[in-house]
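All remarks here apply to the structure that follows.
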Amino acid sequence: MPMIGFSDGKDITESAPLEDFLLFFETLRGLHEKGYKQYPFAKTIGKGEFPLMMSKLFRGFVPFDEIDTLENEVINAKNAFSMIPSSFLKRPSLSSDSQINLSKQSLSGVFERMFDGIEHSIEGSREYNNLGHPALPVKIIVSEIPSALTMLRMSEEDYNQKNKPPIWTYYGNRVIPR
């Protein structure tokens, strides 16, 4: 199973195997679409609350001029996940490489590495830009060489190919599980 990471355009945060990323986005999609209304203490969770995470981050490419919005959505998603017990997740069978921690109390703990990877990439992109370098996007990439080097050079258009799944799910002769 390929390792997938977040990138600020210069560094790679190797977060987890592909299956972990897919589970993260599947859980976020449930939060986004259903709002998990069965949790009365999570009234702030509503439909359409994470449009950038569900579109551009899922596709694997968030331009620099949208990272403030991404950061706000990540904060909101973490807060929402913190209100939902980890027992909500159907216990997936995970590989031995998995970074998902099912022993945590809430979904924010279960997906802590994912949130940390996104936040690290946002910070790195800002720091690089503040040093006078060109603005770099936040990306999801296959973190294995040579795929990582190629994906770091890919454009937004490469990431947003119509009628194809996100490139990070199959790049480098990988096949999407499912």
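Yes or no, residue by residue, for (1) crowded, with 18+ Cβ neighbours inside 10 Å; (2) within 21 Å of residue 30 (Cα to Cα):
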| residue | (1), (2) |
| --- | --- |
| 69 | no, yes |
| 84 | yes, yes |
| 89 | no, yes |
| 94 | no, yes |
| 124 | yes, no |
| 153 | no, no |
| 156 | no, no |
| 166 | yes, yes |
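Residue under question is residue 147, and the condition is that it be within 15 Å of residue 3 (Cβ to Cβ) and free of Cβ contacts under 8 Å to residues at least 12 places away in the same chain; does it hold? Taking the combined requirement at face value, the residue does not satisfy it. Test residue 109 against the criterion of being closer than 19 Å to residue 23 by Cα and either of a type in the set (A, V, I, L, M, F, W, C) or touching a Ser or Thr at 6+ places or on another chain (Cβ under 9 Å) (or both), and give yes or no. Against the criterion (closer than 19 Å to residue 23 by Cα and either of a type in the set (A, V, I, L, M, F, W, C) or touching a Ser or Thr at 6+ places or on another chain (Cβ under 9 Å) (or both)), residue 109 qualifies. Scanning segment 139-156 for residues that are out of contact with any Phe, Trp or Tyr (no Cβ under 9 Å at 6 or more places or on another chain) and farther than 17 Å from residue 118 by Cα yields 144, 145, 146, 149, 153.
Annotation note: Cβ proximity below 7 Å between a residue of segment 71-87 that is free of Cβ contacts under 8 Å to residues at least 60 places away in the same chain and farther than 25 Å from residue 123 by Cα and a residue that is surrounded by 20 or more Cβ atoms within 10 Å (Cβ to Cβ) and not hydroxyl-bearing (Ser, Thr, Tyr) (sequence gap 6+ or interchain) occurs for 84/107; 86/107; 86/110. Restricting to segment 145-175, name every residue that is of a type outside the set (A, V, I, L, M, F, W, C), touching a Gly at 6+ places or on another chain (Cβ under 6 Å) and modelled with pLDDT of 85 or more. Hits for segment 145-175 are 159, 166. In this structure, does residue 67 turn out to be at pLDDT below 95, part of a helix (DSSP H, G or I) and not basic (Lys, Arg)? When the stated conditions are applied, residue 67 does not pass them. Restricting the search to helices (runs of 4 or more DSSP H) fully inside segment 97-178 and requiring at least 1 residues that are among the basic types (Lys, Arg) gives 112-130. For segment 127-134, the count of residues that are under 23 Å from residue 8 (Cβ atoms) and in contact with a Leu (Cβ under 9 Å, 6 or more places away or on another chain) is at least one.
The one condition from (1) part of a helix (DSSP H, G or I); (2) loosely packed, with under 13 Cβ neighbours inside 10 Å that residue 73 does not meet is (2).
The values are calculated or read from the model by the stated rules, or taken from the named source; none is laboratory data. The structure displayed is predicted, hence computed values, not measured ones. We place every Cβ from the backbone using ideal geometry, glycine too, and count neighbours over all the protein chains shown.
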